[in-house]
Structure formats: C-alpha cells, structure tokens
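Below you will find the structure I want to go over with you.
The values are calculated or read from the model by the stated rules, or taken from the named source; none is laboratory data. In this text, all values refer to a predicted model and were calculated from it rather than measured experimentally. So basically every Cβ, Gly included, is an ideal-geometry build from the backbone, and we count neighbours across all protein chains shown. Accessible surface is based on the protein model in full, side chains and every heavy atom, while ligands, DNA and RNA are left aside. Shrake-Rupley method; radii C 1.70, N 1.55, O 1.52, S 1.80 Å.
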Amino acid sequence: MISKRAAVEADKPFLISLEEACMREYAVALWGAWPQDLSVRSSIVGCQIIVDDAYDVGCVTVEKHSDHLWLDELFIAPTFQRRGIGSKVLRSVISEAEELELPVRLSVLTTNPAVDFYLRHGFRVHQETKERRYLVK
C-alpha cells in the first residue's frame, strides 16, 4: 500500500541520503564530483515522504505555480525502484494537474536516464541545456 505523508525536520537525514543514492552517479557523470551543497537539506516545504507498507521509500516535492505544477523531485530508493511506486506517484501528480487544468513541468540532468521514465508517462522535452532537460506534460 503506497501512501504519502508530509516530511518533518527529522526526515532531513533520510532525504539527504535518498537524493545521494538516487543522483550521485548522474551528478558525478555530469560535473565530475558530488556537489557538497547537496549534502545539506535546507527546506522540506512541500516535500512528502512516500511510504510503502510502513517503510519510507522515497519522496516527492511539487510546487504549485499560477501556470503550472513544478515537480521538483521524485526519488525512490534504489532498492524499491522498478516496482511501480514512482509511476503511481507520478500519475497522482499528473491527475492533480489535470484537475487544476495546469501542465506539469520538471527537469532532469542530461546524464540521468530517468528522462525515459517521464517520456513513457507522456512528457515531452521542451528545452535542453548542457546540464538539464526540461520536460512538460
């Protein structure tokens, strides 16, 4: 059973380690190192912890703007990936955006194969830089 709960201050160590577990490989491939500023989590505003059968398995952060929802992060711990958890959470974000009649926007590092995950869910690349691909649905 997948559920979400609001992140609390005590979740910061989990969130920091989760981001590193999910992103280190792609950051190092792009920048040559893991940026030290990613070892500090300054805010949990809008962050929800994804829970699967009482285990914290990931997080999702969505920011509501006047003209879109910004999917700031969607991380699933590597040991829980490929079980449909990320797809279920992403579909809930898409559903929320549809109810609000807003597009969903996000970005991924150019070295991150997660772009394929988003393309499979109907997103399209609308802009690309040396470091990021910007997607919209």
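Inspect all residues belonging to region 123-135 and state whether any of them is open to solvent by less than 70 Å² (accessible area, probe 1.4 Å) and more than 22 Å from residue 25 (Cβ to Cβ).
No, the conditions are met nowhere in region 123-135.
Suppose we filter 114, 97, 77 for residues that are under 12 Å from the mean Cα position of the chain (by Cα) and either of a type in the set (Val, Ile, Thr) or more than 22 Å from residue 12 (Cα to Cα) (or both); which single one remains?
Residue meeting the stated conditions: 114.
Taking the conditions exactly as written (of a type outside the set (Gly, Ala, Ser), free of Cβ contacts under 8 Å to residues at least 60 places away in the same chain and farther than 17 Å from residue 6 by Cβ), does residue 137 satisfy them or not?
Yes; evaluated as a whole, the condition is true for this residue.
Sticking with this one: Considering only residues of region 1-20 that are of a type in the set (D, E, K, R) and assigned to a helix (DSSP H, G or I), which is surrounded by the most Cβ atoms within 10 Å (Cβ to Cβ)?
Only one residue tops the list, namely 11.
Also: Condition test on residue 85, is it within 16 Å of residue 14 (Cα to Cα) and open to solvent by less than 40 Å² (accessible area, probe 1.4 Å)?
Judged against the criteria, residue 85 is not a match.
Let me ask something else. State yes or no: is residue 9 touching a residue at least 24 places away in the same chain (Cβ under 8 Å) and over 23 Å from residue 120 (Cα atoms)?
It is true that residue 9 is touching a residue at least 24 places away in the same chain (Cβ under 8 Å) and over 23 Å from residue 120 (Cα atoms).
What strands (runs of 3 or more DSSP E), lying completely within region 43-103, carry at least 2 residues that are free of Cβ contacts under 8 Å to residues at least 60 places away in the same chain and among the polar types (S, T, N, Q)?
Once the strands (runs of 3 or more DSSP E) in region 43-103 are filtered for at least 2 residues that are free of Cβ contacts under 8 Å to residues at least 60 places away in the same chain and among the polar types (S, T, N, Q), nothing remains.
Do you know which residues across region 28-57 are in contact with a strand residue (DSSP E or B) (Cβ under 7 Å, 6 or more places away or on another chain) and either open to solvent by 60 Å² or more (accessible area, probe 1.4 Å) or on the phi < 0 side of the Ramachandran plot (or both)?
30, 47, 48, 49, 50, 51, 52, 56, 57
Just the residues that are crowded, with 16+ Cβ neighbours inside 10 Å and free of Cβ contacts under 8 Å to residues at least 12 places away in the same chain, please, taken from region 104-122.
Hit for region 104-122 is 114, nothing else.
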